[in-house]
């Protein structure tokens, strides 16, 4: 009886072990199938990505060919334009650099005070001359250069509008003053012989140099304006007119005389040192 029970118990254990192993194997086999299925899906996605990459590569190559063709055509047209205006790329680059330098120079001048600008008249005139010369260059016909030139011209206009006619200090006439005495004051010119400078600079107010009145406010010139000239010893009208900074033509002395006849008088050969002359613009 005991032997039979042991045999039965052993058979049950063997059967349980066999069934457990079978179930475990079935579960492991199912997981592998799922993995293989997912792996297949990933492979499909990878294959699609590779194909897309290949397609993009072909499209990129085609686009690059088109871009190269456009660039070649652009270069051909640009070279034809440069040949037409008689220059090359180096010439264009040099011209651009010159204009940009003038533009930067104008920016620097615009940062100055009106009084400082007045002292920079020669520099401003040099910029105008360089710009005028640049405009005769055929490279200036290019749109980029036209824009740069327009910008410089606009800044030059701002500079001129900012400049004062001249630098002067106000002086209020007191009882007992006369031009010789005022000119000799230390805070004025410290030299009485400069009285003519006060008279000519205030000619619209002073009709008779021997007759001035208390409370009058006179302008004491410190710097000449762009259209003014301070006569020095040894000057005469032809010499002044010949000065490149004035007119640059000795034959134009008559224009200066006519503009200042009320100060010079009837004898154009006689002008006094320290006289402030107005220089005609045209």
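Distance between the C-alpha centres of the stretch 107-179 and the stretch 251-282: 25 Å, rounded to the whole angstrom. If you model the stretch 167-278 as an ellipsoid using its alpha carbon gyration tensor, with each semi-axis the square root of five times an eigenvalue, the axes come out at 26, 14, 12 Å, biggest first.
Dimensions of the stretch 74-147 based on its C-alpha atoms, expressed as ranges along the principal axes with the largest first, amount to 51, 19, 17 Å.
Just so you know, all these numbers are worked out from the coordinates, no wet-lab data involved. As the structure is a prediction and not an experimental result, all values here were calculated from the model.
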